[in-house]
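Report on one structure; see the data block that follows.
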């Protein structure tokens, strides 16, 4: 457990985002930058195809920028101290290229401050944080303020330059350490070693939370899950474990459309009745039946369409940057019938009433691609077909790839003729976490008076490329932090984890991702389980906190006097006072998940004068449920 604890926070693409000390993150961000002429390419999320691995107290990342390949090793070597080893290998020439290890510091943390360049005459300088730029050869760099200290030492002198970035309202200090200047030749190999130390004031001041129970919002039914089957060997064990150990409030399953009706002129129901149901369809239907038999409402989503239903050759990968295929507008009636037949077969064969239907991420084209206006038209056309054929299934508005593409839902949202067929709104949480963006989805649900769902809940759509990151505290904490923000800002009916199968598995081992340990829950699973114990049907309630590194969400039912509060601490341990509780609340049971404990039930805390006091461990997820 100690070896697995991450002091340096390293993204799987190699950028170091800070060093934790006693739980507090002293944040900065490193990157590798290649500058060729006026073109700068940096390591970053979804920019390369990196590989990530942990080895005890070391985190290793391998990646490349064009023909320049990197291996980065980040090792914890003491309290607040790490060693960074960079190995570079050039596979081609870049005659005018310069390569830098870049570190960005928040200027507000170090202004006013003092700069020092090791081994440089007159190196002690006042730093006012605005408009400064300087370059020299040095053995290291250090900056100190009243609250923070950052120091980097080089294994050998290197040219460095620092500047302040004031663009877009920022006040950031950027430090560029040269790894290779004046061109790169094929076969060049470089190794650089840096020692980085970060420290400063540890904020342990007690925090104050205030709940407002007089303004209940939308109901939260609970944690949901995606059950799209992709790995016949590894999926069953994860699905079984999750369904046996989590309260799953919502399920999303696949309609394997291209296997259901490969040819337009062949009746898929007749094919199924004759015993020729394709295996992927049979398995998907059985998955839907299993969830339905547990009383779990279902979203049915289609990924890959049959060839007759689309225009052009199927695009399973982007073509000239464009994903997916448009629907064949000449075959729309056949498309409606094909989808309705699938739902009718589920109803007649398995007794399933599908609640909602969607095309997965059709704003992006994974794998049907339609325009916002076509989305509006499809909702009306297919929704009317469902209703005319006795189906209660409604259409899911959106089911967008990200929160950022909210304009995709506007034509249907503003179309009164589409409203009768819309059963809920959905977006996926891979990108677009700004509060103002998330509020737009909450507003849409309020305007239409339908539930909001987070159809795919998680934080990194490329994480399947580097699955070792799933075991890191960094990933687990960021994921549950986002879920808590979604609860507070969006007030969803459910957040559906992507996935409760072996794909993005919240479990460890079982041969998944090459890990042959016995299957067991990781920190991410315990976070999900702790969220899943929220009593069903509680209403979102406003809650505030006076600490920026604490995220919280509150839910309650004033009639039943039942309340749940979720708190994510992104910093050091501290005491907390929760105020604003109604007189009927007498006690709370506290549960805590962190790297050290797994949904540990603590002592029951008493409520006095509408206030409850408890302790918040460092880098933890804490849930309070009223007794």
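Every read-out reported here was derived from the displayed coordinates using simple, explicitly stated rules and does not represent laboratory data. Note that the structure is a prediction, hence the values are computed from the model and not measured. FYI the Cβ positions are ideal-geometry reconstructions off the backbone, even for glycines, and counts take in every protein chain you see.
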Handout entry: Sequence-separation-based contact order of the range 222-536, relative, with Cα cut under 8 Å and 6+ spacing, percent
Key = 20
Handout entry: For the range 297-354 and the range 140-176, distance of Cα centres in Å
Key = 53
Handout entry: Share of pairwise Cα separations in the range 8-200, more than 28 Å, in percent
Key = 23
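Compactness ratio of the range 248-293: Cα Rg over 2.2 N^0.38 Å, N = residue count?
Taking N as the residue count of the range 248-293, the ratio is 1.27.
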Exercise for the section: Only Cα pairs under 8 Å and at least 6 apart count here; give the relative contact order of the chain as a rounded whole percent. Expected result: 13
Handout entry: Inter-site label distance for residue 267 and residue 214 at 7 Å from Cα along Cβ, in nm
Key = 6.4
Practice task
Run the numbers on the range 534-627 and let me know its relative contact order in percent, using alpha-carbon pairs under 8 Å that are six or more apart.
Solution key: 31
Problem - In degrees, nearest ten, helix 435-448 long axis to first principal axis of the chain (Cα) - result: 10
Handout entry: For the range 513-564, alpha-carbon Rg and Dmax in angstrom
Key = 16.3, 50
Exercise for the section: For helix 523-532, report the angle its Cα long axis makes with the longest principal axis of the Cα atoms of the chain; keep it between 0 and 90° and round to the nearest 10°. Expected result: 50
Completion exercise
Residue-normalised 222 nm signal for the chain, counting each DSSP H run of n ≥ 4 as -39,500 (n - 2.57), nearest 500 deg cm²/dmol, is -6000 deg cm²/dmol
Practice task
Give the order of 263, 139 when sorted by the count of other beta carbons within 10 angstrom, beginning with the fewest.
Solution key: 263, 139
Exercise for the section: State the Cα centre-to-centre distance between the range 246-281 and the range 398-433 in whole Å. Expected result: 26
Exercise for the section: Could you work out how far helix 332-350 tilts from the main Cα principal axis of the chain, as a 0 to 90 degree angle to the nearest 10? Expected result: 80
Completion exercise
Simple SL model, points at 7 angstrom along Cα→Cβ for residue 579 and residue 189; separation in nm is 6.4
Practice task
Between the alpha-carbon centers of the range 499-562 and the range 62-108, tell me the distance in whole angstrom.
Solution key: 34
Completion exercise
Rounded to whole angstroms and listed largest first, the alpha-carbon spread of the range 398-492 along its three principal axes comes to 48, 25, 19
